[in-house]
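Presented below is the structure to which this report refers.
The values are calculated or read from the model by the stated rules, or taken from the named source; none is laboratory data. Here the structure is a predicted model, which means the values were calculated and not measured. Positions of Cβ are backbone-derived with ideal geometry, glycine not excepted, and every protein chain shown enters the neighbour counts. Calculation scope for accessible area: heavy atoms of the full protein, side chains included, ligands and nucleic acids excluded. Shrake-Rupley method; radii C 1.70, N 1.55, O 1.52, S 1.80 Å.
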Amino acid sequence: MTVAGPPNVELAGLTLVGPVLTAAGCGGTGRELAAYGPLDRLGAFVTRSISLNARPGGALPRIVETPSGLVHATGLPNPGIDQFLATELPWLLQEGARVIVSIVGSSLGEYAELARRLGRAPGVSAIEVNLSSPDAMGSGFFDVREPFHAAGAVSAVQRDLPRGVPVLAKLRPDVLRVVETARTVLDAGAAAVVVGNALPAALPDGRPAGLSGPAVRPLSLRCVTEVRGALPDAQIVGAGGISTTDDARSFLAAGAVAVQIGTALLHDPTSAARIAAELAVDAAHDQERISS
């Protein structure tokens, strides 16, 4: 049997070729990942978090392996919006990628300015507002730990985007407040929530950091389940420690409409393409059963 690809997935008003997306920062600029599979076969490529001005990132070492995951304090290095629009975005579009731009700001004004700049850029399918980076506070970014602050960032972005460019809000896997935060950002105009990212942790030298990878998957899955149960109409993208097709299936079964592959790409750059292909086989088998 030849499988052309998974059925289209509807997310936040977008039609995607499948339910597998990259997670912000884990696919690099896209050039690093393209050698391991065509970017146009993924549902979307989510960029690293882009800020108004270029950022060199945090002090070394930034990433340390730990059992079942990585501890990291990257400081969200990126070239700034000007260089991103001049070099990275055109290359991604040339490769046929569906591009979702992750953004982060130090103020509501910066979020609004990023939205204005990206809203005028051709080829931007959606904006993902990074409300989940565990080391963002120490990096001088706007503090979005409180739900109403997160909603303020979403409102600032949504207000300055043209119609048809949806906003995704990426939330940390905080079981105690994830439903409250999800409800607040959806009320503020987010079209979907991305549930699951790194958990607060520390590097061996004590610097604040995030823990990601398989260690966080059960908690992220719990958060997706909680949000789906409380907000049955919400569109949810599941993320956090997904490294196998079975992992992806569990998030989809819990109520996510799509998943993001992150830390797994750093260990196995083929993982997103492989999971997408295996889910396509699942979909083909399901279609055969329905037709027979």
Legend entry - Environment charge at residue 235 (Cβ cut-off 12 Å; Lys +1, Arg +1, Asp -1, Glu -1): -1
Legend entry - Solvent accessible area, Å² - residue 174, 1.4 Å probe, full protein context: 50
Legend entry - Accessible-area ranking of 74, 47, largest first, probe 1.4 Å: 74, 47
Legend entry - 1.4 Å probe accessible area per residue over the chain, in Å²: 42
Legend entry - Rounded to the nearest 10 Å², the accessible area of residue 72 at probe 1.4 Å: 40
Legend entry - Relative contact order computed over the chain (Cα-Cα under 8 Å; 6+ residues apart), in percent: 21
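For the chain, give me the percentage of DSSP beta bridges that are antiparallel, rounded to the nearest 5 percent.
Just about 35 percent of them are antiparallel.
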Legend entry - Phi-based couplings in Hz for the stretch 232-249 (Karplus 6.51, -1.76, 1.60; Gly and Pro marked x): x, 8, 6, 8, 10, 10, x, 8, x, x, 6, 10, 10, 5, 4, 4, 4, 4
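Of all the accessible heavy-atom surface of the chain, with the other protein chains kept in place and a 1.4 Å probe, what percent is carbon and sulfur? Don't jump to the answer; show the numbers that get you there.
Numbers: 6570 of 12220 Å².
Here it works out to 54 percent.
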Inset, instruction - Take 84, 142 and sort them by solvent-accessible surface of the protein heavy atoms, 1.4 Å probe, largest at the top. - result: 142, 84
Inset, instruction - Using only Cα atoms, locate the centre of the stretch 96-122 and the centre of the stretch 235-292, then give the distance between them in Å, rounded to an integer. - result: 27
Legend entry - Listed values [x] 23.5, 75; [y] 17.6, 60; [z] 19.3, 63, entry calculated as Rg and Dmax of the Cα atoms in Å: [y]
Inset, instruction - Tabulate in residue order the Karplus-calculated ³J(HN,Hα) for the stretch 182-191, using 6.51 cos²θ - 1.76 cosθ + 1.60 with θ = phi - 60°, rounded to whole Hz; enter x for Gly and Pro. - result: 4, 4, 5, 6, 5, 5, 7, x, 5, 7
Inset, instruction - Work out from phi, with θ = phi - 60° and the Karplus expression 6.51 cos²θ - 1.76 cosθ + 1.60, the ³J(HN,Hα) of each residue of the stretch 256-269, listed in order in whole Hz, and give x for Gly and Pro. - result: 6, 8, 7, 9, 10, 9, x, 4, 4, 5, 6, 8, 9, x
Legend entry - Charge sum, other residues only, whose C-beta stays under 15 Å from residue 160's C-beta, Lys/Arg counted +1 and Asp/Glu -1: +3
Inset, instruction - Please list, in chain and number order, the residues 5+ apart from residue 131 or on another chain whose amide H is under 5 Å from its amide H, with Hs placed from the backbone. - result: 170
Inset, instruction - Would you mind checking which residues have amide H under 5 Å from residue 202's amide H? H placed 1.01 Å from N; only 5 or more apart, or other chain. - result: 209
Legend entry - Relative counts (whole %) of C-alpha pair distances in the stretch 54-152, using bins that are 5 Å wide: 2, 11, 20, 21, 18, 16, 9, 2, 0
Legend entry - Cα-based Rg / Dmax (Å) for the stretch 138-192: 11.3, 34
Inset, instruction - Mind ranking 26, 223 by accessible surface for me, highest first, 1.4 Å probe? - result: 26, 223
Inset, instruction - Could you give the size of the charge dipole of the stretch 9-291 about its Cα centre, using +1 on the Cβ of each K and R and -1 on the Cβ of each D and E, expressed in debye and rounded to the nearest 20? - result: 300
